Amino acid sequence: MQKRLETVFWSGFGIIVMIYALVPVAWIISLSLKRSGDLNDQRFIPSAISFDNYRAIFEDAQFPAALWNSFGIALIATTLSILLAMFAAYAIVRLEFSGKQWVLAGVLAISMFPPVSIIGPLFNLWRIIGLFDTWAGLVIPYMTFTLPLAIWTLSAFFRELPWDLDKSARIDGATPFQAFFHIIAPLAAPGVFTAAILVFIFAWNDFLFATSLTSTNAARTVPAAIAFFTGSSQFEQPTGSIAAASVVVTLPVIVIVLLFQKRIVAGLTAGAVKG
């Protein structure tokens, strides 16, 4: 009986949390499918489904350019961060040197640093050296915050790997790089996937850097571009366009999480159980 009550309690609690999380998403989807004249009708379900808002955002040159910028910048930041983090995490876990714990603590501290505190100096510096409103001008600050996160996640994974396999490969004649890429890296694939997904989502969702360090479609990403949407006239709010753009920009994140949810859970719980 007690077990049944616990099952009912946790199931009900899970359903409440799921509804709380999904209602705003359903509301945004509903707004994106409404006609411009129905946006203020206070109805949760549209009286008539219209794709005019989606058609409008893709006819605007600003949104496709921002979508391409978001994808390219997030992909470059993820690739560079994961590649560097793999080597750094491997060295931190594998090598013995004094102050190793301080290095990891410093990595964790940098990942917790508030980004808004460096926006002012970064804005002036980027304008002086010519990185303002460029892809590199966003990739570099993204890596500053995503690299520590990736190093910390991968360190937990590398720590769980059996190093006897590395030693066996070295005895069989493999070089350190061959042992790393052919033996260690495949075993750490779940952690690499987890770190890559977290880094990509951070870069994809960023609004602060994208708004402050860009000024044109050359590098402006979707979260920043949405803030510049305007209605067809000064008397019309761009609610439908913003809702449609929000749905489009959310879909890649949902697809990634659904496809790799098992790897994400495995990566986040790595190192949680010892012994």
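Computed per residue of the chain from DSSP H runs no shorter than four, each worth -39500 (n - 2.57), the mean residue ellipticity at 222 nm is -22500 deg cm²/dmol. Between the alpha-carbon centres of the stretch 67-117 and the stretch 190-259 there is a gap of 23 Å. Restricting the stretch 62-168 to chymotrypsin sites (Phe, Trp or Tyr not before Pro) that sit in a DSSP loop and have at most 16 other Cβ atoms within 10 Å of their own Cβ leaves 97. The residues of the chain have, on average, 59 Å² of accessible surface per residue, using a 1.4 Å probe with all protein chains present. Does the stretch 100-152 come out rounded, prolate or oblate by the C-alpha gyration tensor, with a ≥ b ≥ c the root eigenvalues, rounded set by a/c under 1.5 and, if not, prolate when a/b is larger than b/c and oblate if not? The shape class here is prolate.
Taking 0.36 nm per residue of separation and subtracting the current Cα-Cα distance, fully stretching the chain between residue 230 and residue 250 would add 5.2 nm.
Counting only protein heavy atoms and using a 1.4 Å probe, the accessible area of residue 25 comes to about 60 Å².
Between the helical axis of 119-129 and the longest alpha-carbon principal axis of the chain there is an angle of about 80 degrees.
Against the chain, whose longest principal axis is taken from its Cα atoms, helix 239-259 shows a tilt of about 30°. With a simple spin-label model that places each label point 7 Å from the Cα along the Cα-to-Cβ direction, the separation between residue 40 and residue 185 comes to 5.8 nm. For the stretch 1-160, rounded, prolate or oblate, judged on the Cα gyration tensor with a ≥ b ≥ c (square roots of eigenvalues), a/c < 1.5 rounded, else prolate if a/b > b/c? Oblate, because a/c is 1.5 or more while a/b does not exceed b/c.
Compactness of the stretch 71-174 is given as radius of gyration and Dmax, 17.1, 54 Å, from Cα positions. With a Förster radius of 41 Å applied to the beta-carbon distance between residue 49 and residue 6, the computed FRET efficiency rounds to 0.45. A simple spin-label model places the labels of residue 27 and residue 105 4.4 nm from each other, with each point 7 Å out along Cα-to-Cβ.
On the basis of the beta-carbon distance and an R0 of 41 Å, residue 75 and residue 167 show a calculated FRET efficiency of 0.70. With the cut-off at 1.5 for a/c, could you classify the chain from its C-alpha gyration tensor as rounded, prolate or oblate? Oblate, because a/c is 1.5 or more while a/b does not exceed b/c. Angle of helix 62-94 to the longest C-alpha principal axis of the chain, folded into 0 to 90 degrees and rounded to 10: 20°.
Surface composition of the chain: carbon plus sulfur atoms hold 70% of the accessible area, using a 1.4 angstrom probe and ignoring ligands, DNA and RNA.
The values are calculated or read from the model by the stated rules, or taken from the named source; none is laboratory data. This structure is a prediction, so every number in the text was calculated from the model and none was measured. Virtual Cβ from ideal backbone geometry, glycine too; neighbours counted across all protein chains shown. Surface accessibility is based on the protein's heavy atoms, side chains included, excluding ligands, DNA and RNA. Shrake-Rupley method; radii C 1.70, N 1.55, O 1.52, S 1.80 Å.
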